[in-house]
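The values are calculated or read from the model by the stated rules, or taken from the named source; none is laboratory data. None of the values given here were measured: they were computed from a predicted structure. FYI the Cβ positions are ideal-geometry reconstructions off the backbone, even for glycines, and counts take in every protein chain you see.
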Amino acid sequence: MTVVRPKPSVLTLTDAAADRIRDIMASQETPTAGLRIGVKNGGCAGMEYTMDWVEEQEKFDEVVEDKGVKLLIDAKAVLFLLGTEMDYQVETLKSGFVFNNPNQTSACGCGESVQLTPAPPEALDSARN
């Protein structure tokens, strides 16, 4: 007998994040294919999250649809983002997207950059199966 396990998503959204992304997309003047999420080298902790509105999906993007929002995960970022929850928080003096990432090992004091350890490749295989 085959046991079917639920497929974990590379990235999930809180209701607040999904609402904010939908609001921003509705105000865009040009149509977008979705919001591309990735990571890049930079910042004092070593890596930074990236978010870009894109007009086209790239060939190797991991597509995540959650709460009516289409996210395109940069293929190079999948192992760094596996299991991440994206939230949108509003505080007294700032508001913005926050990544609750189980692969994050530390962050800088300003909160702009993080240190990430990629999930093991077998975690990706189990996420896709």
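In segment 28-38, how many are among the β-branched types (V, I, T) and more than 17 Å from S9 (Cβ to Cβ)?
Of all residues in segment 28-38, those among the β-branched types (V, I, T) come to 30, 32, 37.
Going one step further and asking which of them are more than 17 Å from S9 (Cβ to Cβ), we end up with 30, 32.
Summing the residues that are among the β-branched types (V, I, T) and more than 17 Å from S9 (Cβ to Cβ) in segment 28-38 gives 2.
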Exercise. Exactly one of (1) in contact with a helix residue (DSSP H, G or I) (Cβ under 9 Å, 6 or more places away or on another chain); (2) without any contact (Cβ under 8 Å) to a residue 60 or more places away in the chain; (3) not in a loop (DSSP other than H, G, I, E, B) is unmet by Q89. Its number?
Worked result: (2)
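In the list E62, E91, which residue meets the criterion of being under 16 Å from I37 (Cα atoms) and of a type in the set (D, E, K, R)?
Details: E91 fails: under 16 Å from I37 (Cα atoms).
Exactly one of E62, E91 is under 16 Å from I37 (Cα atoms) and of a type in the set (D, E, K, R), namely E62.
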Problem set entry | When residues of segment 93-129 are limited to those that are assigned to a helix (DSSP H, G or I) and hydrophobic (A, V, I, L, M, F, W, C), the one modelled with the highest pLDDT | A123
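Scan G43, G38 and give me the residue that is in contact with a Cys (Cβ under 8 Å, 6 or more places away or on another chain) and either among the charged types (D, E, K, R) or closer than 17 Å to N103 by Cβ (or both). Please lay out each step first, then the result.
Working: G38 fails: in contact with a Cys (Cβ under 8 Å, 6 or more places away or on another chain).
Just one listed residue meets the conditions, G43.
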For this session: Could you tell me which numbered condition V64 fails, if it satisfies all but one of (1) under 21 Å from P120 (Cα atoms); (2) in a loop (DSSP other than H, G, I, E, B); (3) at pLDDT 90 or above?
Result: (2)
Exercise. Mind checking which residues of segment 46-75 are among the acidic types (D, E) and more than 17 Å from F97 (Cβ to Cβ)?
Worked result: E55, E56, E58, D61, E62, E65
